[in-house]
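> Quick one: structure below, then a few questions.
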Amino acid sequence: MMEPLIYEELKIPSSVKVEVQDGKVIVKGPKGQVEKDISHAKGIIVSVSGDKVTFEATFATRRQKATLYSLKREIENMFIGVTKGYRYYLKIIFTHFPISVKVVGNEVQITNLIGEKNVRKANIMPGVKVTVKGEDIVVEGSDLEKVAQTAANIESASKIKGFDRRVFSDGIYIYKKEVVE
């Protein structure tokens, strides 16, 4: 059954500024700026009034209702990102051949994975910082989607195909995700 009106509010933190214009939500805070395209959300009205972001939908279908609550959560994640930030930890694991990882420009280069001579490359999304400390790789930034995508790019670039994963466990794996305090 369709509800006649779905109305949700989200309080804006004091150090954050929010703009909604041309199908985009722009959130600015002390740790930077995050943009999100919401033009796909048909039938949902997102607006800023005072210190609140409001979400409205009239006679919403199940899909529109799900989209509304997803948008609400994504904007909450944007608030956390611009005030605190996100950090993912990855571990470099090798059994015989030592894997060499370095950051070059906007990509992570992985060499000597199970003795391969070619260089595997993983793209770093804009606005994300990657640091290599010994056997740990730290990926951090203010946009959760970009931080997670960069970590996933690194993990999938080191994936070994054609070998038994139980025996050849070499690679780079995400082992911890956190909000920076």
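> Quick check on the range 123-145. Is at least one of its residues modelled with pLDDT under 95, more than 30 Å from residue 36 (Cβ to Cβ) and part of a strand (DSSP E or B)?
Checked against the condition, which is being modelled with pLDDT under 95, more than 30 Å from residue 36 (Cβ to Cβ) and part of a strand (DSSP E or B), the range 123-145 yields at least one hit.
> For the condition of a type in the set (Ser, Thr, Tyr), exposed (fewer than 13 other Cβ atoms within 10 Å of the Cβ) and closer than 21 Å to residue 142 by Cα, what is the one hit in 39, 47, 15?
15
Conditions tested, residue by residue: (1) outside the structural domain of residue 125 (by the TED database); (2) touching a residue at least 24 places away in the same chain (Cβ under 8 Å); (3) open to solvent by 60 Å² or more (accessible area, probe 1.4 Å); (4) of a type in the set (D, E, K, R).
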{"site": "22", "(1), (2), (3), (4)": "yes, no, yes, yes"}
{"site": "25", "(1), (2), (3), (4)": "yes, yes, no, no"}
{"site": "53", "(1), (2), (3), (4)": "yes, yes, no, no"}
{"site": "60", "(1), (2), (3), (4)": "yes, yes, no, no"}
{"site": "64", "(1), (2), (3), (4)": "yes, no, no, no"}
{"site": "67", "(1), (2), (3), (4)": "yes, yes, no, no"}
{"site": "75", "(1), (2), (3), (4)": "yes, yes, no, no"}
{"site": "79", "(1), (2), (3), (4)": "yes, yes, no, no"}
{"site": "91", "(1), (2), (3), (4)": "no, yes, yes, yes"}
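> Taking the condition touching a strand residue (DSSP E or B) at 6+ places or on another chain (Cβ under 7 Å) and either at pLDDT 90 or above or closer than 20 Å to residue 130 by Cα (or both), does residue 31 pass?
Values: touching a strand residue (DSSP E or B) at 6+ places or on another chain (Cβ under 7 Å): no; either at pLDDT 90 or above or closer than 20 Å to residue 130 by Cα (or both): yes.
In short, no.
> Which of the residues spanning the range 104-145 are touching a strand residue (DSSP E or B) at 6+ places or on another chain (Cβ under 6 Å) and open to solvent by 60 Å² or more (accessible area, probe 1.4 Å)?
Once the filter is applied, which keeps residues that are touching a strand residue (DSSP E or B) at 6+ places or on another chain (Cβ under 6 Å) and open to solvent by 60 Å² or more (accessible area, probe 1.4 Å), the range 104-145 yields 119, 121, 123, 127, 129, 135.
The values are calculated or read from the model by the stated rules, or taken from the named source; none is laboratory data. Keep in mind the model is a prediction, meaning the values are calculated, not measured. Virtual Cβ from ideal backbone geometry, glycine too; neighbours counted across all protein chains shown. Areas reflect the complete protein model, heavy atoms only, side chains present, ligands, DNA and RNA absent. Shrake-Rupley method; radii C 1.70, N 1.55, O 1.52, S 1.80 Å.
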